[in-house]
Amino acid sequence: MSFPLDTDTISHGIQLAVAPVFLLTAVSGMIATVAGRLARIIDRARVVEARLHSSDPVATGAIWHELGELRTRGHLANSSIALLTLCAFLIGATIVVLFLGETTDLQMRKLAVVSFLAGVVCFMLALGCFLVETYIATRLLNFGKNHVPR
């Protein structure tokens, strides 16, 4: 494995490797957003569980239902974070492969394509999990539908 010292080749390798970094910025923003939602889900579940122990037996059915939906939302948020983390790893691998492929004699362009596309697929799946989680969250709200005006 030889390392060419041609500055044009190295600068071109850096340019190729920097482009996927912008996707990493989007991924880190999504991780922060989903982690914030997961924290709120956990906080809400704690409040609902405390209500379960101090409520009358008639209300426990609704409480168990809400806990089930919170559990589902938590699983979706966890799945989204896992997919986003895998996406970030794959994009990082893409950056390394692109840079090494450009600055060495190693032919790894197919590996770069596969790792980049796998990262984008993980990002799309994470967005799908996020979409379903937010749908479930807003479905819980009735926005005053059951309120009868006087």
- [ ] Quick one: compute the contact order of the range 25-137, relative version, from alpha carbon pairs under 8 angstrom and 6+ residues apart, as a percent.
- [x] 31 percent
TODO: Compute the length gained on full extension between LEU52 and LEU141: take 0.36 nm times their separation in residues and subtract their Cα-Cα distance, giving the result in nm to one decimal.
DONE: 30.1 nm
- [ ] Would you mind checking the range 19-53 for residues with the amide N under 14 Å from a putative spin-label position 7 Å along Cα→C-beta of ALA62?
- [x] 48, 51-52
TODO: Any chance you could get the radius of gyration and Dmax over the Cα atoms of the range 25-137, in Å?
DONE: 19.9, 72
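Every number in this text was worked out from the coordinates using simple rules, so none of it is lab data. Quantities reported herein were computed from a predicted structural model and do not represent experimental measurements. Virtual Cβ from ideal backbone geometry, glycine too; neighbours counted across all protein chains shown.
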